[in-house]
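This report refers to the structure that appears directly beneath it.
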Amino acid sequence: MSAVVELKNIHKTFGTNHVLRGVSFEVHRGQVAAIIGQSGSGKSTALRCMDRLETIDQGELTVCGHALHDPKLDVKTLRRDVGIVFQSYNLFPHLTVEQNVTLAPRTVKGIKASEAREIATAVLAKVGLKEKMSAYPEQLSGGQQQRVAIARSLAMEPKLMLFDEVTSALDPQLTGEVLRVMEQLAKDGMTMVLVTHEMAFARNVAHQVIYMRDGKVHESGTAEILRNPQTPALANFVCAEK
Amino acid sequence: MNMQYIGSLLQGLWGTVLLSLLTFLFGGLFGLVIALARISPLRVVARVTQAYIQFMQGLPLLVLMGLCFYGPSLMGMQSVNPLFAATLAMTFYAGAYLGEIWRGCLEAVPKSQWEAAECLGLSRWQRMRLVILPQGLRLATPPTVGFMVQIVKNTSVASLVVGYTELSYNAKVLNNTTFQPFLYFGLAGLLYFAVCYPLSRQARKLERKLNVSRR
């Protein structure tokens, strides 16, 4: 199995705040990795580094074969391989669901309108929102918006999907519908890295769980570590999250 | 009051409308450039533009108009067409203000929209054109049309300096001939209102229309 994501001793500082203090882990093809940890543990920053929304200060970060520590990195080709979904959906409010999904395939890949429409139909069917093609984002519930955001990323056929606390803004019922879509993606073999507070989801779907604390990987392993934490810190964290 | 005088007022009105339209067009184009330059990632460009805006905001339109009318002849060019000088001054003026209004609107579009577009692989210009500008435009409509009303009224400054025959200029001439200031300035005022009021109404209509997806 080859590593799709590889972090080696990553450091990142915001001003005087040392957010990442030597983070290392790997995610392999077809695997789902869940990063968990308290607020401020650096988990979102680590994820954002993988799509180069943040640059790293030190260490080696390889994503889908792109060396992100290399100043000559071609960000454009990186972004073609990586999709990201945000906590606040970030759909484009002035575009319909279909236009949201087809925008990148058409402008970045130069795909024809009719073909892009087919792609949109396919990915929206995947997230169960085919009938919402012509709706505007604000006419949808939060859960539906988040599923459109997932579809929008999928339309670019990424090799890796990043999820940054994508259900944190949703109530339990809407969280469920988004998690089901993500679970299906995992079953389809998509490589996924997610920052999440959904312990049940991490336990059931993730192949690999990474517990971050104070900018470092404190404990990691299979989802089994959520049942049998090896460190007191993770045990406490798992208890508190229940 | 005879028909000839009314005709003169209407002729002045045309002068006002013409100068306003030219200002909307050139000031708008220039303003767009200013707004984009103002948020350019190139520091130098952003700084120079900021300095320009501050300079313009500190300069009375009357003085600017004078510079544009007399400036070229001081530099050895022969007599300047009043409409040209007035349009030039109004463009410098409107460009600075519209640029600053639009910069604010572009910056009011949440940063997360930039990020989402960036992560989908859109280039900076694609992000601006397809994601940020359309949303900024929606925010910009009310203040822009509000400023267009200012432009219409401020074209009257052209009469004072360059002798361009627009509504205020003709009203002043009529007053000098008839000594009926209340009548002719009053009529001029009504005509200004007749142009500006529909503009304001249109602004509200446009605002509702553009907001359709944000109801």
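What follows draws every value from the coordinates through simple rules; no lab data is involved. Everything numeric in this text was worked out from a predicted model, so none of it was measured. In this analysis, Cβ positions are derived from the backbone assuming ideal geometry, glycine residues included, and neighbour counts consider all displayed protein chains.
Structural remarks
- Ordered by the count of other Cβ atoms within 10 Å of each Cβ, fewest first, B:Tyr5, B:Tyr197, B:Tyr93 give B:Tyr197, B:Tyr5, B:Tyr93.
- Part-to-part distance (alpha-carbon centres) for region A:176-218 and region B:157-185, which is given in Å: 75
- One decimal place: the segment A:Glu60-A:Glu118 gains 17.0 nm when fully extended, by the rule 0.36 nm per residue minus the C-alpha distance.
- Under-5 Å amide H pairs with A:Val32, H placed in peptide plane, nonlocal only: A:Met192, A:His207, A:Gln208
- Gyration tensor verdict on region A:112-187 (Cα atoms; rounded if a/c is under 1.5, prolate if a/b is larger than b/c, oblate otherwise): oblate
- With coordinates expressed along the principal axes, the C-alpha atoms belonging to region B:133-190 extend over 52, 24, 10 Å, beginning with the largest.
- Rounded to 0.05, the FRET efficiency of the B:Leu10 and B:Leu183 pair, given R0 = 25 Å and the Cβ-Cβ distance, is 0.95.
- Candidates per trypsin sites (Lys or Arg not before Pro) in region A:43-76, loop by DSSP, up to 16 other Cβ within 10 Å: A:Lys72
- Each principal axis of the Cα atoms in chain A has its own extent, and those three values, largest first, are 53, 44, 37 angstrom.
- Treating r as the C-beta distance of A:His197 and B:Ser123 and R0 as 35 Å, the FRET efficiency rounds to 0.50.
- Between B:Leu42, B:Leu13, B:Leu190, the Gaussian network model of chain B with springs among Cα atoms under 10 angstrom shows the greatest mean-square fluctuation at B:Leu42.
- For the protein assembly as shown: rounded, prolate or oblate by the Cα gyration tensor [a/c cutoff 1.5]: prolate
- Three-way shape label, region A:50-147, alpha-carbon gyration tensor, a/c 1.5: prolate
- Nonlocal amide H pairs with B:Val109, under 5 Å, H built at 1.01 Å: none
- Magnitude of the charge dipole for the protein assembly as shown, about its Cα centre and with charges confined to Cβ atoms of Lys, Arg (+1) and Asp, Glu (-1), is about 700 debye.
- Close amide H contacts of A:Lys216 (hydrogens built in the peptide plane, cut-off under 5 Å, sequence separation of 5 or more or a different chain): A:Arg21.
- When both region A:1-23 and region B:109-148 are represented by their alpha-carbon centers, they are found 32 Å apart.
- Backbone HN-Hα couplings from phi across region A:124-133 [Karplus 6.51/-1.76/1.60, Hz, Gly and Pro as x]: 6, 5, 4, 9, x, 10, 4, 7, 9, 3
- Partner lysines whose Cα lies under 20 Å from the Cα of A:Lys72, excluding those fewer than 8 positions away in the same chain, are identified as A:Lys8, A:Lys12.
- Placing a label point 7 Å from the Cα of B:Asn81 along the Cα-to-Cβ direction, the residues of region B:12-47 with a backbone N closer than 20 Å are B:12-30.
- Counted by Cβ distance under 13 Å from B:Pro198, the other residues give a net charge of +3, where Lys and Arg count +1 and Asp and Glu count -1.
- 222 nm mean residue ellipticity, helices alone, for chain A (DSSP H n ≥ 4; -39,500 (n - 2.57); rounded to 500): -11000 deg cm²/dmol
- The alpha carbons of region A:169-242 occupy a box of 33, 27, 23 Å along the principal axes, longest dimension given first.
- Efficiency of FRET from Cβ geometry, A:Lys109 and A:Thr16, R₀ 30 Å, rounded to 0.05: 0.10
- Spin-label pair A:Arg180-B:Val195: with each label point 7 Å from Cα along the Cα-Cβ axis, the two points sit 6.2 nm from one another.
- Backbone N atoms of region A:1-42 closer than 16 Å to the 7 Å Cα→Cβ label point of B:Lys111 belong to residues A:13-17.
- Square roots of 5 times each gyration tensor eigenvalue, C-alpha, chain B, largest first, Å: 38, 23, 11
- Taking chymotrypsin sites (Phe, Trp or Tyr not before Pro) across region B:102-134, none is in a DSSP loop with at most 13 further Cβ atoms lying within 10 angstrom of its Cβ.
- Projecting the Cα atoms of A:Cys64, A:Ala186, A:Asn228 onto the charge dipole of region A:3-241, computed from C-beta unit charges around the Cα centre, puts A:Cys64 farthest toward the positive end.
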